[in-house]
Amino acid sequence: MKFFNLFGKPKGQSSNTESEKSEFDQIKVFKSLPKEQWKPAYNELNKRIGLKLKEYGFKKKGRKHYRLTNDLLEVIDIDNRGSWSGAKDDIEIRIGLVPYCWQGLTNEYYLVGSKPIEEIDKTIRNHFRISKEYLILADYLTERIIKNVLPFFEKYNSTKKITSQPYIFPYYTKCGGNDIRNSHFLILFSELKQHKNINAIEILENEIEFGSDSLNEVTWKELKKLVENKDWETIDKIFAENEKNILDKLKIKPVANTVYN
């Protein structure tokens with residue numbers, strides 16, 4: 001039987017003194033799984049997380065967990081996709097805030113408004129591997145998500161909140177690539193949903209040069225023209241139709257999480 005040490009240590013200490021460590025934190029040596037068991041173990045781990053998150057309004061689709069709050073989709077991505085060589089036993093967890101008013105944003109390889117869980121939860125380990133203790137890992141991750149990720153979502157769960165604190169999601173333009181995990185889309189559509197044009201034109205010009213309009217009937221150039229003309233009525237109609245189509249596709253009803261404002 002092979003064993004391995006779990007790489008990574010907590011990045012910081014909790015502000016509250018904890019008299020007892022979690023069952024996961026008490027494990028010193030983790031028992032490895034053969035490669036053919038990585039995928040089944042991952043599937044069971046993610047399913048276990050999903051069952052608990054369902055109590056908080058999330059719906060699991062594939063590896064992602066979605067919740068609709070106000071006019072944003074909150075997404076938790078439990079990812080163990082491998083490279084060309086196949087599956088891997090590493091797990092990466094990222095969260096995203098997706099303005100679902102534009103076709104294709106929910107399918108982005110990098111989540112819109114994405115942040116790694118360890119950026120939000122400074123006490124969490126920064127490396128996870130699928131071992132024979134994967135069910136204990138599932139409970140540990142679920143606990144950290146509920147304790148730290150859900151409050152993060154609550155702070156930024158609407159385009160109105162995003163436009164009031166855009167510095168939380170920095171981005172670059174004129175660079176191609178991922179623009180810091182697609183945060184430019186979060187800023188762009190949050191502004192347009194709130195009928196604002198602070199960074200919108202600059203972001204749209206960047207997309208005209210580097211982006212793709214393949215999934216939308218309205219092109220970036222057409223959207224830019226509407227913004228320049230402050231034709232918010234037409235923009236609202238386009239967004240409303242897109243939102244209905246996305247929610248129908250994901251089978252998510254716009255009633256989840258009405259507890260938050």
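The values are calculated or read from the model by the stated rules, or taken from the named source; none is laboratory data. Because the structure is predicted, anything quoted here is derived from the model rather than measured. Because the Cβ atoms are built from the backbone with ideal geometry, glycine has one as well, and the counts that use them run over all protein chains shown. With ligands, DNA and RNA removed, areas are computed over all heavy atoms of the protein, side chains included. Shrake-Rupley method; radii C 1.70, N 1.55, O 1.52, S 1.80 Å.
Sub-8 Å Cβ pairs linking a first residue in segment 187-216 that is in contact (Cβ under 8 Å) with a residue 24 or more places away in the chain to a second residue that is aliphatic (A, V, I, L, M) and assigned to a loop (DSSP other than H, G, I, E, B), at least 6 apart or interchain, are GLU191/ILE198, ordered by first then second residue. Taken together, ILE117, ILE91 contain a single residue that is more than 18 Å from LEU33 (Cα to Cα) and among the β-branched types (Val, Ile, Thr), which is ILE117. Selection of segment 199-244 for residues being β-branched (Val, Ile, Thr), touching an Asp or Glu at 6+ places or on another chain (Cβ under 9 Å) and assigned to a loop (DSSP other than H, G, I, E, B) yields only THR219. Regarding segment 174-187, can at least one residue be identified that is in contact with a Leu (Cβ under 7 Å, 6 or more places away or on another chain), on the phi > 0 side of the Ramachandran plot and open to solvent by 20 Å² or more (accessible area, probe 1.4 Å)? Yes, because at least one residue in segment 174-187 is in contact with a Leu (Cβ under 7 Å, 6 or more places away or on another chain), on the phi > 0 side of the Ramachandran plot and open to solvent by 20 Å² or more (accessible area, probe 1.4 Å). Of the residues LEU135, LEU150, LEU188, the single one that is under 15 Å from the mean Cα position of the chain (by Cα) and in a helix (DSSP H, G or I) is LEU150. The number of residues in segment 64-88 that are at pLDDT below 90 and surrounded by fewer than 21 Cβ atoms within 10 Å (Cβ to Cβ) comes to 9. Which one is modelled with the lowest pLDDT, of the residues in segment 103-156 that are farther than 25 Å from ILE246 by Cα and hydroxyl-bearing (Ser, Thr, Tyr)? So, considering only residues that are farther than 25 Å from ILE246 by Cα and hydroxyl-bearing (Ser, Thr, Tyr), the one modelled with the lowest pLDDT is THR123. Consider segment 157-167 and keep the residues that are in contact with a Phe, Trp or Tyr (Cβ under 8 Å, 6 or more places away or on another chain) and not in a helix (DSSP H, G or I). The one that is least open to solvent (accessible area, probe 1.4 Å) is ASN157.
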